[in-house]
Amino acid sequence: MTEAQAFVTLATTDAYCMGCIVVGKSLRRHGTSKKLVVMVSPNVSRVGRLALDDVFDEVVVVDVLDSRDKAHLTWLGRPELGVTFTKLHCWTLTHFSKCVFLDADTLVLCNVDELFEYEELSAAPDPGWPDCFNSGVFVFRPSLNTHTQILEHAAQHGSFDGGDQGVLNTFFSDWAVKDIRKHLPFVYNLTASAVYTHLPAFQQYGHHAKIVHFLGGIKPWHHSYNPQAASESSFRDSSKNFAAQFMHLWWAEYYSQNQQQVKKDDKKEDYSVQQLESSQTHPTPTQSQMSRTEALHREMRLASPLQDLTLDSLTISSSKTSEEMLSDRLSCPSREIKNILFEVLSGGETEETPIVSPPSEQETEHKDPETADDSAAGIGKAIAAETEEEDSERRRMWEQGHVDYMGKDSFDNIKRKLDLFLE
Ligand SMILES: O=c1ccn([C@@H]2O[C@H](COP(=O)(O)OP(=O)(O)O[C@H]3O[C@H](CO)[C@@H](O)[C@H](O)[C@H]3O)[C@@H](O)[C@H]2O)c(=O)[nH]1
Ligand SMILES: [Mn+2]
């Protein structure tokens, strides 16, 4: 039997591809020795696959499985989750002896290769119902036998939440009570949003966070962010903005450079990397990697209904108020929306809502790291010296999405600030 081991993730849409890129890059950043595999459905675009190809060892095409369990899914408020049954195909990756599945909406904060010491099925408690495990991070052993059994189980019993998590919890039904060694610590699947309700615990244990999970309907790729408003002071003084910091970290990772050039020798994909490179005027590896990631983000902004969630679309007159429009799009409670709007319009800090701001075309511009002012003192001074005029300039820049992913908002700088806050 093979001893190969892999981290596995999944994308059935281009939007989730963006998430997979961050999963893969963050695993590589922290020096994983395991293979990286992403399962994609046939409808994922060529741009999406090429971007994944830069980061993953294997891009495996799988069929879409859909629970079509509208009743449960509607009840959960997430009609899109039926497609998460596709996740169950991970058991067919039998050229690996053991794997760790990571949802596309996770972000790895340190080396987590020790997860492979756990046995099937190991997972962390779900924050909503801790006697269930959350299926965003789990350890499993690929096996066609298990795969068939799970599908039969799903066909027979359905899923109590309409998604894979319901199926897996009833299939591995003794997880809650049988063997505590199969309970992953919560820090391997830290729900970004749950932290608000467990703030003291987060302050006590947050610095041990290993994998953050952006569970729920709003994902990091639905937003950009306002780096100026999420200034140094928000890291120091506000314990309530950590979710925004994780969001910053996610974006910084998305636009970070690949930590490791993937070996492409044993690739079997039916699309050609050279094709894209030859169609570009600057085919150096770094530029082509960067441009594929950018190309995907750009495409998403053109295709996604959230892409025009710009300040303009909020303030330009409409039959609905901007708050209603945002509320429609995000299905957030109105108080949260007020906080977001306050943040957006004043450039100040929200009470307890992550800072969000719209993606825009300029966001993908390359910034010169040399010219970036990345000193904490510099940011502090700049903020103190702000006049009203600067404020409106700042807002203008922000509306255009000027985010310094390569400089002061780089992964390393944001991580450093987050660590400072958690110390
Ligand atoms: O249109 C979709 C939807 C989901 N996914 C994949 O399936 C995963 C799960 O979906 P997600 O939106 O991350 O669900 P969560 O908000 O995390 O919700 C919970 O409920 C889901 C359904 O049971 C479980 O899959 C999750 O692990 C669990 O955390 C994603 O990360 C992707 O890898 C897609 O590829 N395309
Ligand atoms: Mn998830």
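List of remarks:
- Greater than 20 Å apart at Cα, pairs in LYS25/LYS182; LYS25/LYS415; LYS34/LYS98: LYS25/LYS182
- Within the accessible area of the stretch 9-48, the carbon and sulfur atoms contribute 57%, probe 1.4 Å, all protein chains present.
- Heavy-atom SASA rank of ILE414, ILE180 (probe 1.4 Å, accessible area, largest first): ILE180, ILE414
- Over the stretch 1-151, relative contact order from alpha-carbon pairs under 8 Å, at least 6 apart, %: 28
- Mean Cβ neighbour count within 10 Å, used as a protection proxy, ranking 183-192, 168-177 highest first: 183-192, 168-177
- The orientation-averaged projection of the convex hull spanning the C-alpha atoms of the stretch 38-155 amounts to 8.6 square nanometres.
- For the listed peptides 110-120, 83-93, 208-218, a ranking on the average number of other beta carbons within 10 Å per residue, highest first, reads 83-93, 208-218, 110-120.
- C-alpha center-to-center spacing [the stretch 24-47, the stretch 188-219] in angstrom: 23
The values are calculated or read from the model by the stated rules, or taken from the named source; none is laboratory data. Predicted, not measured: the structure shown is a model, and the values here were computed from it. Every residue, glycine among them, receives a Cβ derived from its backbone with ideal geometry; neighbour counts consider all protein chains shown. These accessible areas exclude ligands, DNA and RNA; they are computed on the full protein's heavy atoms, side chains included. Shrake-Rupley method; radii C 1.70, N 1.55, O 1.52, S 1.80 Å.
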